[in-house]
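Trainee: Here's a structure for you.
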Amino acid sequence: MPSTHDWINDPLGVVEGMFAASQNNPNSEWEVKAVTFFKDQLKEKDAQSMVPSLNDVPLHYLKPNSLVKFRCLIQDMFDPEFFMGVYEMIDPSTKAKMLRCGKYKDVTECGVDFNSRNTVTAERQTFYCVPIPGENQWVKEGYASVNQARVVPSTSYVPSRQKRSYEDDDDMDTQPQKQREPHAGPQSPTEQHSSGDCKRQETEAPSSQVTSASHLDLNFPLPGEKGPSCLVKVYENWESFKLNDMLEVYGILSVSPALSALADEKDASSSLLDPTECMETAEEQRVHSPPASLVPRLHMLYAKPLPHNNPLLPCATLDDNNTFLSSTLGEMASVRTELLSYFTHVLLGDALAAEYLILHLIANVYSRRDVLPLGKFTLNLSGCPVATSYTERLYQIIQQLVPSSHYLGMSLQNMNQMCLVPKKDYMANRLVSGALQLAKNTSLFLDETQLEQGQLDTTGVRNVAALGNLISWQKVDYDFNYHQMEFPCNINVLIASEGRSLLPSDCQIHLQPQVAPSHMEEYLSSIHIHPHASSQLNKFRIYLTVARLLDYSISDEVTKSVEDDFVDMRKDDPQSISAEDLHRMLVVARLLSLSLGQTSLSRDSWLRAKHIETLRRSRMEQHRSVNGNEP
C-alpha cells in the first residue's frame, strides 16, 4: 500500500501502479479503485490538513505532479475536451511496446505511437475556478493556520521571471507570508500594515508580469482580488457541479512549461495540424490555454462541496457532527446576548436596530416556492450618519464577523462604470465575470450614503435594476448577448442609507442614535474592529454561521396559533396589518428562533417577533410623520 509520502508527493505513481496492475485483469475497474483510494486516504485523521493548498502556498513552492487542494468558486465551464486515456509507448532502446495511462496528465512522454490501435480516447470537462470572491482575511488566515503541510521551494520547477505567477520576494521563507486582504472596499485598520511590514504579497502577480501578460485577464469577479486562478480538469460526474458552486478540490498539480510552448505553437500551426482548430479564435486559444505558470492545471481526484467557508466550523455538515452542534446550541443564547450588546454599541446605542442586524446576518435562502425565494432578509438601515465615515466603519466590523463580504459604494461613478452582471464573450468563448457573481451567503454591503446628484447612464440603470432583481428575487440575469440566463443566488444584502433606500428591501429600520452629533467623532473612534479577545470574536463568527445553517420547522399547533393571532389583529382595523406584514413577522420569528439556537417556532418567540415588529413599525410611522416628504 502506498505510504503518505507516495500518495501526496507522487499521486501519479499511485495511479500508474494501479493501471499497470489492471493490465492482467481487464475487469479490475482500476479507475474507480484509484479515486476510492484517494478518498479513503483523505478521510483519515488530519490527512486533509497534510495536503498543501493553492490558497496559502505560492505556486513556485509546490512540487509539480503532487497532490494539492484549492478552495474555490466555479467561475466558468469550458467545453469538454478529448485526451488520450490510454496510449502506447515505444522504448527507444529496446523497441519494446508498453501501454501507459494518460489520465490526470496534460503532457505525455516522448515515444508515443500515434498509429497504435491500442490508443483509447477519453473525454474530460474543464472548469475555470477562482478563489472564493470577497473571502475575508480572518478566513484565509484560519485555513492557513490549520494546514500542516510543510513545503519548500521546488527545485524541479523554476518558472522564468516573465511567466512566474507569484510575487518575487527577496527574502523567501520556507513558509509563505500571510496574505493581505484584497483592496475591495475600505481596508480595516487591522489590515493596514506599517511600512516595515509592507512586503508585496506572494500570491499577487508582480507588475512586470501583469504588463507582459496583459492579454490574459484572470477574470476575478471582484476588483482587487488576489490569489491563483486554476483550470480544473474533471473526469467523472461533472454534471453534478454547477456554476458558482463553492468547492474544495483535491487534485494533481500540472504546471508543465510545455503547455505554454504548445499553446504558442498552436497559434501558428494549429490549422495545418487539425482543420477543426481553425474554428478557435486566437483570443479563445489564449483564454483556454493560458501559461501554466500563471494559471496552473489541477486534475481533480476528489471535490468536496462547501456548505460554508468558515474555518472555525467542522468540514462536515452540522448533522454529521452532533458533539459540536450540541455544545454550540447550548451557548447560542448567551453568545447572542453578548453580540446584541456589541451591535448596540456599534449602532450608536440603538438596541432595536442591533436586533435586526443580527437577524439579517443569519438570513439564508432555504427554499424556493415557484419564483419566490424563502428565507431572504434584505435590511435597509436608514438614518446612517453621512458626515463621518460611519458606514465604512460598520462594514469593516461586519467584515470581521462573516466569511465573505463585499463593500459597494453606490456613487454615481460606480453605478455608471462598474460591471455588475457577468457577460458572455463569444469571441473568447468565456463568461466575463461581474461583481454580482458571488458565492452563496456572501454579505453584500451597499453604501447608499455615497449617492450624489447626477444622471444614471444606460449602464447605471442596468446596474441598479440588477441590484433590485438580486434583492427581490435572489437571482442575477447573466448577459448572453442575444438572451439573458437566470442564475439563482443566495446573497445577504445590507443597504446603508440616509433616507429610505431607492432599492427594495424586506425590512427597513431607521437608526436612532443615542449619541449627540457633537460627540459622534469621539464615539466612533472608540468602536474597535476587535471588540474583545480573539476567542470572543471567534464565538461571534461561529454563532453567525451555525445559526444560518440550522434547520427549522413550525408545528401544526403553533401554525394554528399564528393564524388566530392574525385574525385577531385584523378584527379592529383590517388595514392595520396586511398579508405582507404577516409574512415579514413569520420571517422575523424564524430568524429570532434560529438566533436563540431553537430549530422550531415557540409561542414565546412568536410573541417576541410580534413585539419587535410593532416597535419597528411604530418607529417608522413616527419618522414618516416628522419627515412627511420622505416616501
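No lab work stands behind these numbers, since they all come straight from the coordinates. Everything quoted here is computed from the prediction, not taken from an experiment. For neighbour counting, all protein chains shown are included, and Cβ atoms are generated from backbone atoms with ideal geometry for every residue, glycine included.
Trainee: Once you put a point 7 Å from the Cα of Lys560 and another 7 Å from the Cα of Glu29, both along the Cβ direction, what distance in nm separates them?
Mentor: Label at Lys560, label at Glu29, 5.2 nm between them.
Trainee: Now a separate question. Report the extension gain between Ser600 and Tyr482 in nm, rounded to one decimal, defined as 0.36 nm multiplied by the number of residues separating them, less their alpha carbon distance. Let's see the in-between values first.
Mentor: Numbers: separation 118, 0.36 × 118 = 42.48 nm, distance 4.61 nm.
Here the segment from Ser600 to Tyr482 would lengthen by 37.9 nm.
Trainee: In nm, give the distance between the simple-model label positions of His519 and Ala122, each being 7 Å from the Cα along the Cα-to-Cβ direction.
Mentor: Rounded to a tenth, the inter-label distance reads 7.0 nm.
Trainee: For the pairs Lys45/Lys103; Lys43/Lys233; Lys304/Lys376; Lys140/Lys610, note any where the Cα-Cα span goes beyond 31 Å. Mind showing how you got there, number by number?
Mentor: Details: Lys45/Lys103 28 Å; Lys43/Lys233 22 Å; Lys304/Lys376 26 Å; Lys140/Lys610 40 Å.
Among Lys45/Lys103; Lys43/Lys233; Lys304/Lys376; Lys140/Lys610, the Cα-Cα distance tops 31 Å for Lys140/Lys610.
Trainee: List the residues whose amide H sits under 5 Å from the amide H of Asn65, counting only those 5 or more places along or on another chain, with H placed 1.01 Å from N in the peptide plane.
Mentor: Here Leu253, Ser254, Val255 satisfy the definition.
Trainee: Skipping prolines and chain starts, which residues have an amide H placed within reach, meaning under 5 Å, of the one on Arg430, given they are 5 or more residues away or on another chain?
Mentor: Result for Arg430 returns Asp425.
Trainee: Turning to a different aspect of this structure: Multiply the residue separation of Asn414 and Met427 by 0.36 nm, subtract the distance between their alpha-carbon atoms, and state the gained length in nm to one decimal. Mind showing how you got there, number by number?
Mentor: On the way: separation 13, 0.36 × 13 = 4.68 nm, distance 2.66 nm.
Full extension from Asn414 to Met427 adds 2.0 nm.
Trainee: I would also like to ask the following. Quick one: what are the phi-derived ³J(HN,Hα) couplings along region 439-456, Karplus 6.51/-1.76/1.60 with θ = phi - 60°, whole Hz, x for glycine and proline?
Mentor: So the J values, rounded to whole Hz, are 6, 4, 6, 6, 8, 9, 9, 9, 9, 7, 5, 8, 4, 9, 5, x, 10, 6.
Trainee: Let me ask something else. Under a 5 Å amide H to amide H cut-off, with H placed in plane at 1.01 Å, what residues pair with Gln508 once short-range neighbours are removed?
Mentor: It is Asn380, by chain and number.
Trainee: I need the phi-derived Karplus couplings for region 504-517: 6.51 cos²θ - 1.76 cosθ + 1.60, θ = phi - 60°, integer Hz, Gly and Pro marked x.
Mentor: Once rounded to whole Hz, the list reads x, 8, 7, 7, 10, 10, 8, 5, 10, x, 9, 10, 5, x.
Trainee: Then there is this: Given labels modelled 7 Å from the Cα in the Cβ direction, how far is it in nm from Ser327 to Val386?
Mentor: The modelled label-to-label distance comes out at 5.0 nm.
Trainee: I'm a student and want to see the number: the projected area of the Cα convex hull of region 455-552, averaged over all directions, in nm².
Mentor: That works out to 10.8 nm².
Trainee: Applying the Karplus parametrisation 6.51 cos²θ - 1.76 cosθ + 1.60 with θ = phi - 60° to the phi angles of region 582-590, what ³J(HN,Hα) value in whole Hz is obtained for each residue in order, glycine and proline being reported as x?
Mentor: So the J values, rounded to whole Hz, are 4, 4, 5, 5, 5, 5, 4, 4, 4.
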